[in-house]
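The values are calculated or read from the model by the stated rules, or taken from the named source; none is laboratory data. Source: prediction; values computed, not measured. Every residue, glycine as well, gets a Cβ built from its backbone with ideal geometry; the counts of neighbours run over all protein chains shown. For accessibility, only protein heavy atoms count, side chains too; no ligands or nucleic acids. Shrake-Rupley method; radii C 1.70, N 1.55, O 1.52, S 1.80 Å.
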Amino acid sequence: MEEKELSKLKPIGVFDSGYGGLTILKEILRLLPQYDYIYLGDNARAPYGTRSFDVVYDFTRQAVEELFSRGCRLVILACNTASAKALRTLQEQLIPDKYPDHRVLGVILPTVECLPVITKTGHIGLLATPGTVKSHSYKLEVAKIDPEMTITEVECPMWVPLVESGEFDGPGADYFVKKRINTLLEMDPQIDTMILGCTHYPLLLPKIRQYTPKGVSILAQGEFVARSLENYMKRHSEIEGETSKGGSVQFLTTENTDKFDSLASLFLGKDVISSRIYL
């Protein structure tokens, strides 16, 4: 694509610390294929899950500003850790001060908003990275929607490494998946809805379903984030009208492109060709 054509693009930015956000992008592309998108994975500095709030904020801000510089007026943080540790500060400080015409959205609120129509017991389970659990962002959002709901959180520190090492469908994953699900349900046997609070976890779905009792709903975030984005675009004509509609996707990574393309193709379900950038 010529430089002149690229300068005309006003894509939607999708950011993740690594590969997991591609499970969000996959569902967005399925529902809203008409728009142009840029996906940015900060793979060289992943994972974010064990990093401090300050570091996650700094890394996320750098990525968001990079996407803004490439024409994105709207950026989706397709990363639970970034949504938990950086989104509010971005929305309350960076955007009003420097980018008043831009917007940044996360993945936690769209996931939580669907809970009232899914749960019958009001008992929710969260399986997530240590960073997301420690932030208690899901608990805070659930309390705003329905204070009567209870949410039980369990850290799954081995799940992302299992996915990124390609072991998510191997026998080695069974022990770690079963252990965390059992821990969650032992903590609250009334749980009837389980949130996969990390965008890597959909690749573990066959294992997760295997060890989750029937009658417990399992929520992967992609579908809900895609629906939320569709609704957002309908409500915000000022953003929708400026978003270019060429049906293109550009992939950026801070890592080696060969490594990114190989694993990203697995997450997205089709071939990926990326460009390397430096933040």
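Reducing segment 1-70 and segment 192-243 to their Cα centroids gives an inter-centroid distance of 17 Å. Shape summary: the chain maps onto an equivalent ellipsoid whose semi-axes, from the alpha-carbon gyration tensor, are 30, 21, 17 Å in decreasing order.
Here's the picture: a label point sits 7 Å out from the Cα of GLU92 along the beta-carbon direction, and within segment 138-160 the residues with their amide nitrogen under 19 Å of it are 138-145. Legend: Rg and Dmax of segment 159-209, from Cα coordinates, 11.1, 33 Å.
Would you please name the GluC sites (Glu not before Pro) within segment 189-243 that are DSSP coil residues with at most 14 other C-beta atoms within 10 Å of their C-beta? Kindly include the intermediate steps, with their values, before the conclusion.
Values: sites: GLU223, GLU230, GLU238, GLU240, GLU242; in loops: GLU242.
Those satisfying the criteria are GLU242.
Please give the FRET efficiency for ASP169 paired with VAL216, using the beta carbon to beta carbon distance and R0 = 22 Å, rounded to the nearest 0.05. The value I calculate is 0.55. Between the residues PHE53, VAL14, THR150, the greatest Cα displacement towards the positive end of the dipole of the chain, with unit charges on the Cβ of Lys, Arg, Asp and Glu, is found for THR150. For THR50, the shell of other residues with beta-carbons less than 13 Å away shows a net charge of +3, using +1 for Lys and Arg and -1 for Asp and Glu. Electrostatic bookkeeping for GLN210 treats Lys and Arg as +1 and Asp and Glu as -1; over the other residues with beta carbon under 12 Å from its beta carbon, the sum is +2.
With 25 Å as the limit, the listed pairs LYS8/LYS234; LYS134/LYS259; LYS144/LYS178 have LYS134/LYS259; LYS144/LYS178 beyond it between alpha carbons. Comparing mean-square fluctuations of CYS79, CYS198, CYS114 from a GNM of the chain with C-alpha springs under 10 Å, the top value falls on CYS114. The helix-based estimate of mean residue ellipticity at 222 nm for the chain, built from -39,500 (n - 2.57) per DSSP H run of four or more residues and divided by its residue count, is -12500 deg cm²/dmol to the nearest 500.
Normalising by residue count, segment 12-144 has a Cα convex hull of 116 Å³ per residue.
Across segment 60-135, the mean sequence separation of Cα contacts (distance under 8 Å, 6 or more residues apart), normalised by length, yields a relative contact order of 34 percent. Here's how it looks for GLU153: its modeled amide H is under 5 Å from those of LEU126, which are all 5 or more places away or on a different chain.
Take the convex hull of the alpha carbons in segment 1-87; its mean projected area over all directions comes to 5.8 nm².
Heavy atoms of the protein chains alone define the surface here; on that basis segment 23-168 has 40 Å² accessible area per residue at 1.4 Å probe size.
Evaluated at q = 0.10, 0.13, 0.22 Å⁻¹, the base-10 log of the normalised Debye intensity for segment 106-200, with identical point scatterers placed on the Cα atoms, takes the values -0.26, -0.44, -1.12.
Between rounded, prolate and oblate, where does segment 67-108 land on the alpha carbon gyration tensor, with a ≥ b ≥ c its root eigenvalues, rounded for a/c under 1.5, else prolate if a/b exceeds b/c? Taking the square roots of the gyration eigenvalues as a ≥ b ≥ c, segment 67-108 is oblate. Loop-located GluC sites (Glu not before Pro) in segment 1-110 (DSSP state other than H, G, I, E, B) with a sparse environment of at most 11 neighbouring Cβ atoms within 10 Å: GLU2.
What shape does segment 139-279 take by its C-alpha gyration tensor, where a ≥ b ≥ c are the square roots of the eigenvalues and a/c under 1.5 counts as rounded, a/b above b/c as prolate, and the rest as oblate? Walk me through the numbers before you get to the answer.
Numbers: a/c = 2.46, a/b = 1.24, b/c = 1.98.
Oblate is the answer for segment 139-279, as a/c is 1.5 or above yet b/c matches or exceeds a/b.
Here r is the Cβ-Cβ distance between ASP271 and LYS178 and R0 is 41 Å; the resulting FRET efficiency, rounded to 0.05, is 0.80. Overall, the accessible surface of the chain at a probe of 1.4 angstrom is composed of carbon and sulfur to the extent of 50 percent.
Under a Cβ-Cβ cut-off of 12 Å, what is the net charge of the residues other than LEU94 that fall near it, where Lys and Arg count +1 and Asp and Glu count -1?
That sum, taken over residues with Cβ under 12 Å, equals 0.
Could you work out the longest stretch of the chain that avoids the trypsin sites (Lys or Arg not before Pro) located in DSSP loops with at most 15 other Cβ atoms within 10 Å?
Details: sites that count: LYS120, LYS214, LYS245, LYS270.
Maximal segment without exposed cleavage sites: 1-119.
Assuming R0 = 25 Å, can you tell me the calculated FRET efficiency for the pair ASP261 and VAL55, based on Cβ-Cβ distance, to the nearest 0.05? Kindly include the intermediate steps, with their values, before the conclusion.
Values: r = 27 Å, r/R0 = 1.07.
Efficiency at R0 = 25 Å is approximately 0.40.
Evaluate the relative contact order of the chain (contact order divided by residue number), counting alpha-carbon pairs under 8 angstrom at least 6 apart; express in whole percent.
Numbers: 499 pairs, mean separation 74.8, N = 279.
Contact order relative to length: 27 percent.
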